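One structure below.
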Amino acid sequence: MSSITYIKRASQLITVRGGTKEPKRAQAMSDIGIIEHGSVVVENGLITFVGSDVEAERYVHTLTGHINTIDASGKIVTPGLIDAHTHIVFGGSREKELEMRLNGAKYIDILKAGGGILQTTTSTREATEEQLIQETSKRLNRFLQYGVTTVEAKSGYGLTLEDELKQLRAAKKLHEKHPVDLVSTFMGAHAVPVEYKENPDEFVRLVIEEMIPRVAEENLAEFCDVFCEQGVFTVEQSEQILEAGKVYGLKPKIHADEIVQFGGAELAAKVGAVSADHLLQASDEGIKQMAKRGVIAVLLPGTAFFLMEKPANARKMIEAGVPVALSTDRNPGSSPTESLPFIMNLACLTMKMTPAEVLTACTINAAHAIGRADEVGSIEVGKKGDLVLFDAPNYQTLQYNYAVNLVDTVIKKGQVIVEGGVLRDVPVPTT
Ligand code: IZC
Ligand code: ZN
């Protein structure tokens, strides 16, 4: 039976069209393809019509079968938001770190002392795949309530072959069963586990020779990521890991220049990374090279906020022609939030991105950062019917109101998942 969803009378339809082939850069990031008084039609999960209300009425008259009509009067409609950088699959929690940090401890020192990522590694190793699925489903449900319909999910809290596979298998099952789509990244090089503390190169060898081939063989990830940072993985180790991933078809991503200027942006350009993420301390030369090579900057202003640091220089990157995406960085240590709309607020208020640039960064550019620009990230014919109705008459209102949730309706592949801000019954996936 065919299913038709017709969303009409949007005060503004924010299509973000025109960026499917290449991510939007510079001035093009401000071009969000607004249709005033616009309508969208989704048939069998895919968008089949985008245009004015008047044209839409004519189109809908040609259709047969039941039509689920949604009146978007007074609201804007955007593509489903995309979160291109999360560490969403994990066990345990780290709330004690806040008081430690308020007392002056630094995020990286907590890690070096065996806490931080290593603490989450202990609790993730203890969790079963089923427990990881249950915990992560709750986080995905919250993402949906914030209008997020696609998320990237990194491994990196297992740090043994079996525990990394467990995290990635959990993400794969969630992708199959939860309404949110997940895109997986292997990040075995997230931290050096305690058992390799005295011999980090041996751990790098394990990542390269055992983990990457197995992850690729089981088809559990599309990307490979590394925490390239002073005291974590060196530029040389990161390069070896990302090059090894490429041999197995895993596209490179990199946690770059978050805490100190370390050459991460330059390495991203050198290995042809799809994205370089964080970039708080990226050098001018690194930014230039990223622009030249087309590396997307995934900026995470929520992490800077939560760690009480100065955020990345988004304006400099946009002006240099680097395509910018935004993400929550959802993880239990440096960014415990699913609110991508709040990250959008922070991007405006702390990095001076404009409301239009911010929308591009959380839709089509984020889609490019996870290799999904041909399927999602804009409201264009042929793409998935992933849409959000925000209770705002124009897109500026979305950024003007901060830390409030203006999501009214979330539509995933043409199906209404969130209605009046409330999540409909989502079956909790099981293994
Ligand atoms: O658990 O702290 N930055 N990895 C790199 C993280 C943050 C996640 C964590
Ligand atoms: Zn991260």
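What follows draws every value from the coordinates through simple rules; no lab data is involved. In this text the structure is predicted, and so the values were computed from the model without any measurement. Counting neighbours? That spans all protein chains shown, and the Cβs are built from the backbone with ideal geometry, glycine included.
Overview of results
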item	result
Residues residue 400 and residue 30, FRET efficiency given R0 of 25 Å [Cβ-Cβ distance, rounded to 0.05]	0.90
Theoretical gain in end-to-end length, residue 243 to residue 381 [0.36 nm per residue, Cα-Cα removed]	46.0 nm
The chain - mean residue ellipticity at 222 nm from DSSP helices (-39,500 (n - 2.57) per run, n ≥ 4, rounded to 500)	-10000 deg cm²/dmol
Neighbour-count ranking [beta-carbon atoms within 10 angstrom, fewest first] of 209, 380, 266	209, 380, 266
If the convex hull is drawn through the Cα atoms of region 82-203, its volume per residue in Å³	108 Å³
Angle between the chain longest axis and helix 284-293 axis [Cα atoms, degrees, rounded to 10]	60 degrees
Residues whose placed amide H lies under 5 Å from that of residue 93, excluding near-sequence neighbours	none
Nearest 10 degrees, 0 to 90: helix 129-145 Cα axis against the chain principal axis	40 degrees
Order of 308, 187, 29 - criterion: other Cβ atoms within 10 Å of each residue's Cβ, fewest first	308, 29, 187
Highest-fluctuation residue, 319, 99, 164 considered, GNM on the chain with Cα pairs under 10 Å	99
Burial ordering of 370, 417, 32, 67, fewest other beta-carbon atoms within 10 Å first	67, 417, 32, 370
Region 265-412: radius of gyration and largest Cα-Cα distance (Dmax), Å	15.2, 44
Between 0 and 90°, nearest 10: helix 340-351 axis offset from the chain longest Cα axis	70 degrees
Rounded FRET efficiency, nearest 0.05, which uses the C-beta distance separating residue 123 from residue 68 and R0 of 35 Å	0.25
Karplus 3J(HN,Hα) series, Hz, for region 48-53 with 6.51 cos²θ - 1.76 cosθ + 1.60 (x for Gly, Pro)	10, 8, 9, x, 6, 4
Region 60-113 and region 252-297: distance between their alpha carbon centers, rounded to Å	24 Å
Lys, Arg +1 and Asp, Glu -1 on Cβ, resulting dipole of the chain about Cα centre, debye, nearest 20	760 debye
Members of 197/246; 106/253; 112/197; 24/316; 166/412 lying beyond 18 Å, as alpha-carbon distances in this model show	197/246; 106/253; 166/412
